[in-house]
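Coordinate-derived values only; no laboratory data. As the structure is a computational prediction, the values presented were derived from the model and not from experiment. A quick note on method: Cβ atoms are made from the backbone with ideal geometry, for glycine too, and the neighbour counts reach across all protein chains shown.
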Amino acid sequence: MRLSCLINNYNYGRYLADAVESALNQTTPFDEVIVVDDGSDDHSAGVLAAMANRCERVRVIHKPNGGQLSSFHTGFENSTGDVIFFLDADDVFAENYVERMVAVYESRPEVDYAFCGRHLFGRVEQIDRPYEVETDLGYSTAVVALGRFWLGASTSCVSLRRSTLQQILPAPELEPSWAINADVCLAYGASLAGARKYCVPEPLVGYRVHSANRYYGRGEDASGKYQRRLKTHALVEYYVRRFGYDHAELARLLHLEFATIPAPSRTQYKRYVRTALAAPTSIWRRLWQTLQMRRHYRSKQTAAARAAKESTTVRKAAIPPTARAA
């Protein structure tokens, strides 16, 4: 399995060396580290020249400023990996990040998009764990197309198989709208391409919080939220058209899609039920689908409770009688 790291940079010269070093110092090494400089006018060029001279795995591509999605396009077009890892130039990888994620791709060939938790550092110290345990999220095409639900992570926590990225990139029509926050294109695009998603909740990525973050910590008024939701709606509809989906046909698949989640959470169950009840199908179809979803959810909850009880019984049986008496 060939591995590529794509680093996108714009005027983050003061952080860039840390990002590249974290990519180079992995316990499972990248075959290539491609840094796309998006027309920086700080000292990034000097930092990149030094890094490229020191390590032949580092390849630098300079381009005119076009935004984050355009940098994804350039990096991906010049990559050769079977799995592509993304990294913002102000973030860093834990040294075992690639090792942990490659283990997922190798043991679970059905997984197309994997993401992890993150450690916020700098102006904020915080651990973000998307889930409590490793979680197979199944497929999400229908629920994302109809419900616009977010299912993913920020850029530096995300990796995808090349076969999935080839379906969603390039998308040059989207570049003007996604000069920042292009990880949104990866998350929605992958779901709509039929990717199976998986989460490793460990905080394996360091997300730097600083005064120049282009999204994190930026307040959003009603107008900003409105514009963002319009952009997201247009993004989803772009991929719905690209893949030739019909909303009514997708609605009929909701219960089957929900059944691909091995251990659905209550949040996931409510999300699918809400989407099914608002779907463009007959009221009887909607009710029947919610019933099927309830059966799947209840059966998995019952199985999980039974497994937890059996595990507790086994642990108690392993304790010597004298220890239990004490």
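Structure notes:
- Per-bin percent of Cα-Cα distances, region 247-313 [10 Å]: 22, 46, 21, 9, 2
- Dipole of the chain, positive end: most advanced residue of THR302, TRP178, PHE121 [Cβ charges, Cα centre]: THR302
- Here LYS309 is the anchor, and the lysines within straight C-alpha reach of less than 24 Å, apart from those fewer than 8 places off in the same chain, are LYS300.
- For VAL205, neighbours were defined as the other residues whose beta-carbon sits under 9 Å from its Cβ, and their charges (Lys and Arg +1, Asp and Glu -1) total 0.
- P(r) tail, region 1-73: Cα-Cα pairs separated by more than 16 Å, 44% of all pairs.
- Gap separating the Cα centres of region 218-255 and region 1-31, nearest whole Å: 31 Å
- Given +1 at the Cβ of Lys and Arg, -1 at the Cβ of Asp and Glu and no other charges, the dipole of the chain around its Cα centre is 2060 debye to the nearest 20.
- Semi-axis lengths (Å, descending) of the ellipsoid that matches the C-alpha gyration tensor of region 174-315: 32, 25, 14
- From most to least packed by mean Cβ count within 10 Å, the peptides 254-261, 136-143 give 136-143, 254-261.
- GNM result for the chain, Cα springs below 10 Å: residue of VAL200, VAL133, VAL33 fluctuating most strongly: VAL133
- Based on the convex hull around the alpha carbon atoms, region 3-241 presents an average projected area of 12.2 nm².
- Of ILE34, GLY152, CYS199, farthest towards positive along the dipole that unit charges on Lys, Arg, Asp, Glu beta carbons give region 3-241: GLY152
- Taking Lys and Arg as +1 and Asp and Glu as -1, the other residues whose beta-carbon sits under 15 Å from that of VAL104 total -3.
- Electrostatic tally near THR28: other residues with Cβ closer than 11 Å to its Cβ, Lys and Arg +1, Asp and Glu -1, net -3.
- The slack between CYS55 and ARG14, meaning 0.36 nm per residue of separation minus the straight C-alpha distance, is 12.8 nm.
- Karplus-derived 3J(HN,Hα), 6.51/-1.76/1.60, for each residue of region 222-237, Hz, glycine and proline x: 4, 5, x, 5, 4, 5, 5, 5, 4, 4, 5, 4, 5, 4, 4, 5
- Straight-line reach from LYS231: taking Cα to Cα under 26 Å and skipping same-chain neighbours fewer than 8 places apart, the lysines in range are LYS63, LYS197, LYS270.
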